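The values are calculated or read from the model by the stated rules, or taken from the named source; none is laboratory data. Everything numeric in this text was worked out from a predicted model, so none of it was measured. We place every Cβ from the backbone using ideal geometry, glycine too, and count neighbours over all the protein chains shown.
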Amino acid sequence: MEESAFNQYLTFTLNEEHYAVPVSKVREVLEYTRITKLPRTADFMKGIINLRGAGVPVIDLRLKFGMEATPVDKDTAIIVLDVNGHDGDVVVGALADAVHEVVEIAADKVEPAPRFGTKLAAEFIQGVGKRDDGFIIILDIDRIFNNDEVEMLRAQEAPVEA
């Protein structure tokens, strides 16, 4: 079966840069809600939220990418994602400065990750999409976390006591 000429991506901003993740990885987008902090976790691990009775770990992508922490304002959102780990999927919430829209980007408008000129390590980037007069960095959400980090996130993913 041929891959379609267009792929759909959810676009969002981090530190005034445009990013995207494949729609197939997105479970839902939530307004910012209170995050329960967890002791002795990585800096980028903000804590957990209660999502319909399940504890979902929330990470700050800005911190994971070596930027300043995400400031919380009226546009701050949590993108709930399915991340493929070594031993199966884990559900993770990722903070974004703002979530924008779902866009279609033609496969031939996506270039491989650049080797330089970006703050992100190239292994985190699936590609760079050209859109209008700008670029959208398409993240490879499954490669952002190493196996140890996925296991740490999995350990946080637990039923929340009512």
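Take the conditions without any contact (Cβ under 8 Å) to a residue 60 or more places away in the chain and surrounded by 13 or more Cβ atoms within 10 Å (Cβ to Cβ) and apply them to residue 91. Does it pass?
no
Quick check on this structure: which one of 49, 59 is over 12 Å from the mean Cα position of the chain (by Cα), assigned to a strand (DSSP E or B) and either touching a residue at least 24 places away in the same chain (Cβ under 8 Å) or surrounded by fewer than 18 Cβ atoms within 10 Å (Cβ to Cβ) (or both)?
Criteria check complete, one pass: 49.
Please name all residue pairs, on different chains or six or more residues apart, with Cβ atoms under 8 Å, provided the first residue is in the stretch 139-162 and is of a type in the set (A, V, I, L, M, F, W, C) and the second residue is modelled with pLDDT under 75 and in a helix (DSSP H, G or I).
Once the first residue is of a type in the set (A, V, I, L, M, F, W, C) and sits in the stretch 139-162, its partners that are modelled with pLDDT under 75 and in a helix (DSSP H, G or I) give 145/153.
What is the residue count in the stretch 98-112 for residues that are in contact (Cβ under 8 Å) with a residue 40 or more places away in the chain and assigned to a strand (DSSP E or B)?
10
Anything in the stretch 1-28 that is surrounded by fewer than 14 Cβ atoms within 10 Å (Cβ to Cβ) and of a type outside the set (Phe, Trp, Tyr)? List them, or say none. Walk me through it before giving the result.
Applying the first criterion (surrounded by fewer than 14 Cβ atoms within 10 Å (Cβ to Cβ)) to the stretch 1-28 yields 1-6, 16, 23-24, 28.
Across the stretch 1-28, the qualifying residues are 1, 2, 3, 4, 5, 16, 23, 24, 28.
Mind checking which residues of the stretch 26-46 are without any contact (Cβ under 8 Å) to a residue 24 or more places away in the chain and of a type in the set (S, T, N, Q)?
The answer is 36, and nothing else.
When the stretch 66-88 is examined, which residues are found to be free of Cβ contacts under 8 Å to residues at least 60 places away in the same chain and under 17 Å from residue 150 (Cβ atoms)?
Narrowing the stretch 66-88 to residues free of Cβ contacts under 8 Å to residues at least 60 places away in the same chain: 66-76, 78, 80, 82, 84, 88.
Answer for the stretch 66-88, where residues must be free of Cβ contacts under 8 Å to residues at least 60 places away in the same chain and under 17 Å from residue 150 (Cβ atoms): 80, 82, 84, 88.
So, in the stretch 21-46, how many residues would count as being among the aliphatic types (A, V, I, L, M) and in a loop (DSSP other than H, G, I, E, B)?
Of the residues in that region, 3 qualify.
Suppose the filter is modelled with pLDDT of 95 or more and not in a strand (DSSP E or B); does residue 75 pass it?
When the stated conditions are applied, residue 75 passes them.
Can you pull out every residue in the stretch 33-89 that is closer than 13 Å to residue 15 by Cα and not charged (D, E, K, R)?
Listed by number, the residues that qualify are 61, 63, 65, 66, 67, 69, 70, 71, 72, 76.
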